[in-house]
Amino acid sequence: MNKKNVRTILDTWLATKLAYERIPGMVVGIVKDGEVVYKNAFGFADWEKHERMETSHAFFIASISKTFTAIALRQLEISGKLKFSDRVFKYVPWLIDTGSPGKKVTVKQLLSHSSGIWRDGDGDQWSSGKFPSISNIQASLSTNTFTGHAGYKYSNFGFMLLGQVIEAASGMTYNEYVKKHILQPLKMSHTATDLDFCNERIASGYGRDIPGQRRTKFHHTHIGPYSSATGFVSTVDDLAKYCTALLDGRLPFLKLSKPQVTFDSEGLGYGLGFRLKKMGSKILAGHSGGYQGFATRITLDAENRLAVITLTNTNAKAALEVNFGILKLMHAFGKSQKNVSKKFLEYTGLYRSFWSDSQVIALGNNLICFNPKTSSPLKVTERFESFGKDVFIIHTTDPMGDHGERVRFRRNAQGKINAYLQSGLLFQKIS
């Protein structure tokens with residue numbers, strides 16, 4: 001893998017994608033063979049104040065928290081303090097108040113979202129940002145807590161209960177256990193289980209982009225008992241340490257990444273605290289996170305000792321799209337690539353026609369061209385092969401494209417590239 005080529009594509013693609021999709025900010029990290037091979041920040045941590053995003057900014061990582069809870073439970077299983085086959089009411093006796101279903105649900109069922117328990121209880125915490133206390137949660141239990149749904153049914157409430165299991169089995173608070181057995185051994189000093197324990201500089205979180213409306217800016221909130229489901233705050237550097245420890249076996253990840261339930265034809269499924277996805281022949285594990293003003297994703301390719309971390313400070317799908325786009329890029333460029341030829345750098349930039357915009361990047365002895373809004377730079381990408389001064393041959397897999405035709409770049413009076421002509425369209429260089 002040529003790090004320079006990967007950085008060239010990512011720096012250009014991500015900066016323009018954020019601008020086109022009005023994403024306030026993003027931080028990206030890539031870990032390969034235990035080394036951080038790429039890390040960068042884009043956009044703003046605070047849009048109104050024009051505070052630039054930095055890689056040191058922290059994010060609410062939301063449901064990525066579930067992976068920490070799963071690791072903690074696996075550690076407790078290995079140490080003999082619990083079994084995944086144990087019934088949850090052994091550790092959370094008040095769960096019996098839900099009736100007979102509460103007596104039967106196991107730790108493994110909650111870990112794999114297969115217990116049939118309700119998703120989020122009967123509160124409005126995802127709108128108000130006010131999460132219930134344990135006493136409020138106990139008071140809300142009823143015979144409706146278990147819906148009777150068979151198979152996969154995602155539940156934040158279930159992972160909240162698993163936090164209570166960890167406390168009962170370990171004799172420590174959830175925060176104390178995770179800090180002692182996961183965060184401190186990995187020197188993850190910029191990660192906290194909840195806002196109550198966080199001293200980090202957290203990026204401002206923004207709502208989705210609604211036409212004609214000012215973007216909502218959220219206040220950071222305390223999660224309390226739901227920390228084990230969605231409460232963690234972390235940075236790209238700490239998550240890189242975490243992903244490395246998952247991939248190299250310092251954290252007991254293997255059993256948790258085995259499929260337990262599958263829920264669509266594309267091979268999406270769930271293990272024990274980890275979401276699973278097929279990408280070609282590869283099985284990837286990880287988790288997304290969505291919270292007021294934040295969307296995040298970590299994905300691990302254990303076979304290639306590769307992990308991708310994407311953190312955004314808005315409710316948008318970009319974190320997931322970019323994450324998978326980077327993985328496809330890394331898989332494609334897994335083998336050594338030629339360095340960028342300096343003679344082609346003058347052609348790079350953002351170009352615009354009345355029809356569309358085009359991002360041109362030098363790669364080896366070629367130029368590649370893609371739409372700045374793409375979910376992957378390799379998706380329907382055009383390659384321009386040099387055919388003489390300012391002339392290139394087009395190579396594309398798009399059946400509606402212009403494979404084999406010529407692109408001609410134009411220069412201004414000062415000799416600088418300022419446009420190119422392709423299939424009857426003139427693209428003016430704008431940056």
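No value in this document is a laboratory result; all are computed from the given coordinates. Just so it is clear, the model here is predicted, and its values are computed rather than measured. Every residue, glycine among them, receives a Cβ derived from its backbone with ideal geometry; neighbour counts consider all protein chains shown.
Rounded to the nearest 10 degrees, the inclination of helix 318-332 to the longest alpha-carbon principal axis of the chain is 60 degrees.
When the Cα gyration tensor is reduced to axis lengths a ≥ b ≥ c, the ratio a/c is 1.5 or higher for segment 369-416, and with a/b not above b/c it is classed as oblate. Residue by residue, segment 155-162 carries 3J(HN,Hα) couplings of 8, 5, 4, x, 6, 4, 4, 5 Hz when phi is fed to the Karplus relation 6.51 cos²θ - 1.76 cosθ + 1.60 (θ = phi - 60°); x denotes Gly or Pro. Over the C-alpha atoms of segment 48-117, the Rg to Rh ratio, Rh being the Kirkwood estimate, stands at 1.22.
Helix 3-20 axis versus longest C-alpha principal axis of the chain: approximately 80°, rounded to the nearest ten. Magnitude of the charge dipole for segment 1-75, about its Cα centre and with charges confined to Cβ atoms of Lys, Arg (+1) and Asp, Glu (-1), is about 260 debye. Matching the structure-derived P(r) over Cα pairs in 20 Å bins from 0, in percent against the labelled list (i) 24, 47, 23, 6, 0; (ii) 20, 40, 19, 12, 6, 2, 0; (iii) 25, 50, 21, 4, 0 gives the label (iii). Does segment 134-216 come out rounded, prolate or oblate, given a ≥ b ≥ c as the square roots of the eigenvalues of its C-alpha gyration tensor, rounded meaning a/c under 1.5 and, failing that, prolate meaning a/b above b/c? Note, shape of segment 134-216 comes out oblate. Lys/Arg Cβ at +1, Asp/Glu Cβ at -1, dipole of segment 202-356 taken about the Cα centre: which of His222, Leu268, His331 is farthest positive-ward? Of the listed residues, the answer is His331. Under 25 Å of direct C-alpha separation, and excluding same-chain neighbours fewer than eight residues apart, Lys373 reaches these lysines: Lys3, Lys4, Lys17, Lys39, Lys217, Lys277, Lys278, Lys317, Lys328, Lys429. Based on DSSP H segments of at least four residues, each scored -39500 (n - 2.57), the chain has a per-residue ellipticity at 222 nm of -7000 deg cm²/dmol. Net charge dipole, segment 1-147: roughly 580 debye, given to the nearest 20, about the Cα centre with Cβ charges of +1 for Lys and Arg and -1 for Asp and Glu. Along its principal axes, segment 172-259 has C-alpha extents of 49, 30, 24 angstrom, given from the largest down. Under the rule a/c < 1.5 gives rounded, and otherwise a/b versus b/c splits prolate from oblate, where does segment 234-332 land using the Cα gyration tensor? Rounded. Seen against the Cα atoms of the chain and their longest principal axis, helix 65-78 is set at about 50 degrees.
A Gaussian network model of the chain, with springs between Cα atoms under 10 Å, assigns the largest mean-square fluctuation among Leu276, Leu254, Leu18 to Leu254.
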